[in-house]
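Single-structure report; data block below.
The values are calculated or read from the model by the stated rules, or taken from the named source; none is laboratory data. Given the structure is predicted, the values throughout are model-derived calculations rather than measurements. Cβ placement follows ideal geometry from the backbone for every residue including glycine, while neighbour counts extend to all protein chains displayed. We work out accessible area using only protein heavy atoms, side chains counted, and drop any ligands, DNA or RNA first. Shrake-Rupley method; radii C 1.70, N 1.55, O 1.52, S 1.80 Å.
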Protein chains: 2
Amino acid sequence: MHLLGLLPRRAWASLLSQLLRPPWASCTGAVRCQSQGTRDLSPQHMVVREKILDLVISCFKRHGAKGMDTPAFELKETLTEKYGEDSGLMYDLKDQGGELLSLRYDLTVPFARYLAMNKVKKMKRYHVGKVWRRESPTIVQGRYREFCQCDFDIAGQFDPMIPDAECLKIMCEILSGLQLGDFLIKVNDRRIVDGMFAVCGVPESKFRAICSSIDKLDKMAWKDVRHEMVVKKGLAPEVADRIGDYVQCHGGVSLVEQMFQDPRLSQNKQALEGLGDLKLLFEYLTLFGIADKISFDLSLARGLDYYTGVIYEAVLLQTPTQAGEEPLNVGSVAAGGRYDGLVGMFDPKGHKVPCVGLSIGVERIFYIVEQRMKTKGEKVRTTETQVFVATPQKNFLQERLKLIAELWNSGIKAEMLYKNNPKLLTQLHYCESTGIPLVVIIGEQELKEGVIKIRSVASREEVAIKRENLVAEIQKRLSES
Amino acid sequence: MHLLGLLPRRAWASLLSQLLRPPWASCTGAVRCQSQGTRDLSPQHMVVREKILDLVISCFKRHGAKGMDTPAFELKETLTEKYGEDSGLMYDLKDQGGELLSLRYDLTVPFARYLAMNKVKKMKRYHVGKVWRRESPTIVQGRYREFCQCDFDIAGQFDPMIPDAECLKIMCEILSGLQLGDFLIKVNDRRIVDGMFAVCGVPESKFRAICSSIDKLDKMAWKDVRHEMVVKKGLAPEVADRIGDYVQCHGGVSLVEQMFQDPRLSQNKQALEGLGDLKLLFEYLTLFGIADKISFDLSLARGLDYYTGVIYEAVLLQTPTQAGEEPLNVGSVAAGGRYDGLVGMFDPKGHKVPCVGLSIGVERIFYIVEQRMKTKGEKVRTTETQVFVATPQKNFLQERLKLIAELWNSGIKAEMLYKNNPKLLTQLHYCESTGIPLVVIIGEQELKEGVIKIRSVASREEVAIKRENLVAEIQKRLSES
């Protein structure tokens, strides 16, 4: 109050506006982001995305998943009390009459709502779509308030751990396929987490809150997490320390065996169930040939409220540090787990449909791939044009239009300049700068002789082809290249 | 008030709830729509969509367009005063701190904002994405509050009518490619519309309002439109009648010539400019071989405020009325036009970037194709699974898991049942009901002999293949089919 009085009004306004400016308002460079924490995706972005999404979706289809989509917004009540501490980040729509609506926060809750609403008891589906969260975006790490999710889920009552193992197999296939470097999938079970809390002496009312603290262990040191649990969440220090002993543990199937023998944990029924399932899971993962990629990690908790069984999270082990690349801190690139109770929350009679699924953190993957291309100076073509229609002469627009229509009608990707009389050099330069491989050239001479010249942009070689053979010749050349 | 008193309270409540129920709450059947006027897209929908969108996008790419995307929401101020009378249908986000936001209403305004913000002077791009409008959806006609748009636009200063003609060529290619039956593209020019209003005596302040009435001529009879103009919008009856004479006119390039001679219209500078451009456009359309699909139609007005030149709208001429098909009233299936002023509205210095573009009404097209399939009783496969892994014996889960992992690792689309001991009949039935063409069968005998049986689901023939040749054999069979 005192200080305020000393500042001239205009200086104060300027200071205040700087303080209030959200961090993402200052971003510059190729990615023009909007002040609301979202951004446009340029053609360069889209090319990278299309390639990565194609790989992800084809893996989902390889595993027999069907596609589906749900609306961008849901009834607000559908989304409330599903996400734990993060619920405040939901975007609500303005009340303009009718129901209260919110933008979807993930693709899992809409899927559960869909199953319950349509009384679907069994379904293997994938869903690629945007979701929205009002987070403070850290743009450096590729986080925005609008982002794309790629989910695969298996709903239905099946024999234990078979679909769960397939989800982990899918994560491995995608992460290997994308060639992001070595990775590890941490696995745990919500029942083991809860059992651990119980035997350590956490009051049941604090389970979800402590779970959410534990979930931060990949970003925060144990001492800071401990501080949060004790000071902010009122956990007894000795209870926190008991948890501390467990969350240091990670290893393979032998750690599962070891935990079966743990004097405290083995007293807890829930934990034993979780351990039993993990043992079976490891057996299947071995048959799938991916057990070496999996680590049983007692520090893995997953923040979302709806998980009930196995949970998992994939992290890149070493970021690809090639010459000149900045080290990337990207956190987890895929995650998921079992949620057996969520569908029942939407069914009027509470009928449950057990589900297990995964989400690929494609935004982070886009970011990694884009950074890598930037470092390597790789250029991407943003169009797929195969042939350019050019002329060296004036007043040849009509012939160019007839010719390009012929190419389009034959399914050939073709462009020309939208000018009556463009210079030949301008036309050839356009091909070089946009990566078009072939040029067809029509002039007076060619028209008289009934031929068209084909020019290879790379070799600059030109040959004359009879006009009636043009399409066949282009198709031949394109199929060879 | 009187009547109310006579109704028992419960009956009144029931009546009221029926009256208050929005029309779309009563929809039933395959499309489970949500009460907010949106709907989920089932795997069946998605398969149809994917096929249609693939065709549309590949046409856009054939014409050299780049992909791009913008966020689902924009600053509210970006969208206001761009859409004329329909602006009230915008979805606003709740003010949760920060800027006021609205869901995008089309893809054109975000594109113009993108060009201005990034100072892009030239761009040919396509954009496929969802938009949202708070309309009362008429579900019968496939209208929802969330729907997909497919836009193609050419931005930049070019020689007249060359990009405009390409837009019409694209519309023809897509509508022919989709085999929706015969179609016609109505063409007009905003300058001709305005010129017509001027020479008929419409006060300039009423241009946009009268334009919006004229736009309804495809759904309403002239006498109703005339009534709206005279009674609701205060137009003098004799002015309305003069307009009435013009809007009955439609024809080919000869009508353009005729209008050049029109004693009133030929006095208007704007109209003459429009007519001159249309004449040139028809010349290019003839070279493209599509002039017979185009009709100069003086009743075409297009409701949106931002058009400044050529406008067009494609309509299906006859709905495909095959045996048992209900007649479909689908209205326009593609539309667009020139908007030379929109980008300048977003540029701080008002720099203009002329644009022309089109939007494919894919939702209507989805609806037509779905209805046609329904009538024909066509079934679509919602998965792409090629091979099913089966066993006739108990305790063969481990072998199935090893086998299916081998198939996945070879890129083969494969499924199995998530059961320890499924019955063979159940497994084979699954293949038949989901359309999987091949089954690989492993049992004790096969394991001992180092073979796998391959079964064709259609012919029920089975042959034994050496295990090491399995993947090659499957790939051979799949490439043949």
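A quick yes/no check of all residues on (1) touching a Lys or Arg at 6+ places or on another chain (Cβ under 6 Å); (2) within 18 Å of B:Cys200 (Cβ to Cβ); (3) within 14 Å of chain A (Cβ to nearest Cβ); (4) modelled with pLDDT under 95:
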residue: B:Leu255; (1), (2), (3), (4): no, yes, no, no
residue: B:Gln258; (1), (2), (3), (4): no, yes, no, no
residue: B:Leu272; (1), (2), (3), (4): no, yes, no, no
residue: B:Leu275; (1), (2), (3), (4): no, yes, no, no
residue: B:Leu278; (1), (2), (3), (4): no, no, no, no
residue: B:Leu281; (1), (2), (3), (4): no, no, yes, no
residue: B:Thr286; (1), (2), (3), (4): no, no, yes, no
residue: B:Ile294; (1), (2), (3), (4): no, no, no, no
The stretch B:33-54 - residue that is of a type in the set (A, V, I, L, M, F, W, C) and assigned to a helix (DSSP H, G or I) and, of those, nearest to the other protein chains (Cβ to nearest Cβ): B:Met46
Can you find even one residue in the stretch A:164-181 that is within 14 Å of chain B (Cβ to nearest Cβ) and open to solvent by 40 Å² or more (accessible area, probe 1.4 Å)? yes
Return the pairs, sorted by first residue and then second, in which the second residue is exposed (fewer than 11 other Cβ atoms within 10 Å of the Cβ) and acidic (Asp, Glu), the first residue lies in the stretch A:438-462 and is in the same structural domain as A:Glu399 (by the TED database) and more than 19 Å from A:Leu417 (Cα to Cα), the beta carbons are less than 9 Å apart, and the residues are 6+ apart or on different chains. A:Gly450/A:Glu468
Filter the stretch A:182-204 for residues that are closer than 26 Å to A:Asp340 by Cβ, charged (D, E, K, R) and open to solvent by 10 Å² or more (accessible area, probe 1.4 Å) and give the result. A:Lys186, A:Arg191, A:Asp194, A:Glu204
Please go through the stretch A:47-83 and pick out each residue that is among the small types (Gly, Ala, Ser) and under 23 Å from B:Ile404 (Cβ atoms). A:Ser58, A:Gly64, A:Ala65, A:Gly67
Counting only residues that are open to solvent by less than 40 Å² (accessible area, probe 1.4 Å) and either closer than 19 Å to B:Val471 by Cα or within 9 Å of chain A (Cβ to nearest Cβ) (or both), how many does the stretch B:360-416 have? 21
Matching residues in the stretch B:111-139 - criterion: being modelled with pLDDT of 95 or more, of a type in the set (Val, Ile, Thr) and over 20 Å from B:Leu79 (Cα atoms): none
Count of residues meeting criterion [free of Cβ contacts under 8 Å to residues at least 40 places away in the same chain, crowded, with 17+ Cβ neighbours inside 10 Å and over 28 Å from the mean Cα position of the chain (by Cα)] in the stretch A:265-282: 0
Considering only residues that are within 12 Å of another protein chain (Cβ to nearest Cβ) and within 12 Å of the chain's Cα centre (by Cα), which ones fall in the stretch B:56-66? B:Ile57
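Okay, residues lined up against (1) in contact with an Asp or Glu (Cβ under 9 Å, 6 or more places away or on another chain); (2) part of a helix (DSSP H, G or I); (3) under 30 Å from B:Gln386 (Cβ atoms); (4) at pLDDT 95 or above:
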| position | (1), (2), (3), (4) |
| --- | --- |
| A:Ala11 | no, yes, no, no |
| A:Leu15 | no, yes, no, no |
| A:Val56 | no, yes, yes, yes |
| A:Cys59 | yes, yes, yes, yes |
| A:Glu77 | yes, yes, no, no |
| A:Asp86 | yes, yes, no, no |
Matching residues in the stretch A:54-79 (aliphatic (A, V, I, L, M) and closer than 19 Å to B:Met416 by Cβ) number 1
Can you find even one residue in the stretch B:425-435 that is more than 11 Å from every other protein chain (Cβ to nearest Cβ), open to solvent by 10 Å² or more (accessible area, probe 1.4 Å) and of a type in the set (D, E, K, R)? yes
Selection status of B:Gly303, within 14 Å of chain A (Cβ to nearest Cβ), out of contact with any strand residue (DSSP E or B) (no Cβ under 7 Å at 6 or more places or on another chain) and not in a helix (DSSP H, G or I): no
Can you work out which of the residues in the stretch A:42-90 that are of a type in the set (A, V, I, L, M) and under 19 Å from A:Met171 (Cβ atoms) is most open to solvent (accessible area, probe 1.4 Å)? A:Leu55
Can you pull out every residue in the stretch B:91-136 that is facing chain A (nearest Cβ under 8 Å), open to solvent by less than 20 Å² (accessible area, probe 1.4 Å) and part of a strand (DSSP E or B)? B:Asp92, B:Leu93, B:Leu101, B:Leu103, B:Arg125, B:Trp132
Which numbered condition A:Arg143 fails, given (1) open to solvent by 10 Å² or more (accessible area, probe 1.4 Å); (2) facing another protein chain (nearest Cβ under 10 Å): (2)
Which residues, counting only those in the stretch A:74-90, are more than 10 Å from every other protein chain (Cβ to nearest Cβ) and in contact (Cβ under 8 Å) with a residue 60 or more places away in the chain? A:Glu81, A:Lys82, A:Tyr83, A:Gly84, A:Glu85, A:Asp86
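For residues that are of a type in the set (Lys, Arg) and within 13 Å of B:Leu298 (Cβ to Cβ), tally how many sit in the stretch B:253-278.
Of the residues in the stretch B:253-278, the ones of a type in the set (Lys, Arg) are B:264, B:269.
After this cut, where a residue has to be within 13 Å of B:Leu298 (Cβ to Cβ) as well, the list is B:264.
The qualifying residues number 1.
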